[in-house]
Amino acid sequence: MKTYKERTKDILTKVQWEKAKRARRIKVTSVLATGFSLLLALNLVLFIPYDTSPPSLSAYKDSEYYSLMQTINELTYTKPRYKNNFDAWFSDFFKGYGSGNADNDAPESPGDAGDAGTDTPYSEVTDNQVAGVIEGDLFKRTDSHIFYLTSPGGLEMRINAYTIAKGESAACGIVTLSADENTYFRYSQGYDAEMYLSADGDTATVFTPVWSYEHNLLYTAAISVDVSDPENMEEIGRTYVSGSYVTSRKVGDDFLLISNFSVRRDPDFSDEAQFLPQAGAIDDLKSLPMQDIVCPDGADAARYTVICRLGENLSVEGHIAFLSFSEEAYVSEGNIFVTRSYFGHGSACSEDLSYSFTEDRTQISCVSYEGEGLTLAGTFDVAGSVRNQYSMDEKDGTLRVATTLSRSVYDSSGYIPHDKSGFNAGLYIVSLSDFQIKGKLEWFAPADEKVMSVRFDGDIAWVCTAIEWEPNLVEDPVFRIDLSDPKNITYTDTGTIPGYSFSLVDFTDGTLLGIGYGDATTLKIEIYEQGDGAVLPLTSFERLADFSEQYKAYFIDRENGLVGLHLYDWQEGSMYILLHFDGYTLAPVLSLPLENNNCDTTRATVIDGWLYVLTSDGFDFLAQPLPGLAE
């Protein structure tokens, strides 16, 4: 039996042991708590999701543009690239390892050539789509002078003046147009700039895209130049409109200017120039009021089609802008039509099948410029996509429009083959009184062919289709479509022939002229006529050569059966070739060697039996008598 001293010692030892045990437990618990706290904090730092909502616009809630700002904010906001900090810091480290999941690398879904009359020195040389609605070009003339615009881009453009004097023709003057401070003229392969002459031949007006360093944006400049004395030409005025130059027209003394203004990602909404179309002097631009901006339901692109009407001294007489619209525009005598492409959904039933489909569709808005200013007349939509301005035509209170149809058909089991799927062609007649479809023709082309070119001539529409992605095996029909009865649209065609035309033009003696490709590397110019129940190819010209696809680069003389263009022959080099159609064959009558190789910017005309040819940068100015025509 232990003594009380031994028992006391044991008790003290046990107490000390319990204290030590308790201290160790507290220490371990503290370490664990600290560790868990650090782990939780690290988890919060690494794995809390980034905020993907657009920035708040509450500061602008009283602005007339507030609803428009919200739409643009949704369309332009750049979401974070990574999900969280861990994804941001370590995703590159783990690339190439593990299961090969590439979610972080996947791209985001995207949200008749007219004559001004004998009482004026001006002669129109552009082959206009609509009589009286003049189109711009690089090349205009009076009875005594030719004016040619060269626009290489950078800090200057030039208007060159030449005398019209047959073999004695020569350059007689030049004016240099300089870019404003902190801007430069934007260059493109086809030279975006275009020029007009006033009815008295005294004033030239140039439209050109301009980049502003100060605003970090694209604008279109309208520049007025006094050319009454071709030896001493000078600038007299300048106006700017937001967006890159698309097209323009001259009607009477007014200009209709169409530009395309794209809003950049994450704009600063305190700076109206970044998200609103503007017009005026470069240092005093005014925003369009909200009442002149159309924001359609389902807008899916922060891009405006901007229409401005410019009057005397380039003053802004009216404007309207469409958000989410494209670059295609057609101007008739009284109306402007602009387009917006979108993706639509629908359903249908056949005898033994119910199905759904997705398809390309086009919304078309009609803006009237009759009277003063600009007025939105109405909007409608059709199936398919519109290729260019020549795909639209107004006649007798209707708009006729040809489209490329694109449709995918599916049922509950997924995608299914169908006779109305893939690519094809459609043509619609829409009443401009109520914007309802009065007649249509759909799915009339061979399977998977797209609309390549269209030309309207009275109640007749000429449409060429082809399978675009097989350039070495291209075969196409040309359709002659009778639109005289919208309820009973009928057509004839050429049947399948080699090549395709991307430009169709009414030609001499009721024929049709097609310019395009025989195969991927061959120029083919073909002439068609309407026969008994069919469209018949009459004759063609083919050459292994590069050439321009721009319609304004072609010289067409219907009265004399002439067609000319600049081409680059792969063996003989650059040349201008003039062809003559005698009612039976299409054959060369003249071939002129050229120094310049840019086929897009070459222009030509025939005056008193002499052919005049000009190319960019002053490389070539040629005057050549034509056999049988020269006076």
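Couple of notes before you dig in:
- For Ser287, the accessible surface of its heavy atoms amounts to roughly 30 Å² (probe 1.4 Å, protein chains only, rounded to the nearest 10).
- Residues Asp509, Asp608, sorted by accessible area with the largest first, give Asp509, Asp608 [1.4 Å probe; ligands and nucleic acids excluded].
- Leu399 contributes an accessible area of around 0 Å² to the protein surface, as traced by a 1.4 Å probe with all chains present.
- Part-to-part distance (alpha-carbon centres) for the range 565-631 and the range 248-275, which is given in Å: 38 Å
- Taken about its Cα centre, the range 364-454 carries a charge dipole of roughly 220 debye when the Cβ of each Lys and Arg holds +1 and the Cβ of each Asp and Glu holds -1.
- Rolling a 1.4 Å probe over the protein heavy atoms leaves His145 with an accessible area of roughly 40 Å².
- Low-density loop cleavage sites - GluC sites (Glu not before Pro) in the range 157-228, where at most 11 other Cβ are within 10 Å (DSSP): Glu181
- Qualifying chymotrypsin sites (Phe, Trp or Tyr not before Pro) for the range 223-325 [loop in DSSP, other Cβ within 10 Å: at most 11]: none
- Accessible surface computed residue by residue for the range 230-280, with neighbouring protein chains in place and a 1.4 Å probe, gives 37 Å² per residue.
- Percent carbon-and-sulfur accessible area, the range 342-497, ignoring ligands, DNA and RNA, probe 1.4 Å: 44 percent
- Relative to the current alpha-carbon distance between Ser413 and Asp608, full extension at 0.36 nm per residue lengthens the span by 63.3 nm.
- Length gained when the stretch Asp396-Glu595 is fully extended (0.36 nm per residue, less Cα-Cα span): 66.9 nm
- For the pair Asp582 and Ser270, label points projected 7 Å from Cα toward Cβ lie 7.6 nm apart.
- Between the alpha-carbon centres of the range 318-349 and the range 481-507 there is a gap of 24 Å.
- Added length on full extension, which subtracts the Cα-Cα distance from 0.36 nm per residue, Gln291 to Gln436: 49.7 nm
- Rounded to the nearest 20, the size of the Cβ-charge dipole of the range 385-519 about its Cα centre is 360 debye, with Lys and Arg at +1 and Asp and Glu at -1.
The values are calculated or read from the model by the stated rules, or taken from the named source; none is laboratory data. Keep in mind it's a predicted model, so treat the numbers as computed, not measured. Here the Cβ is made from the backbone with ideal geometry for all residues, glycine too, and neighbour counts use every protein chain on show. Note: accessible area is taken over every heavy atom of the protein model, side chains too, but ligands, DNA and RNA are not part of it. Shrake-Rupley method; radii C 1.70, N 1.55, O 1.52, S 1.80 Å.
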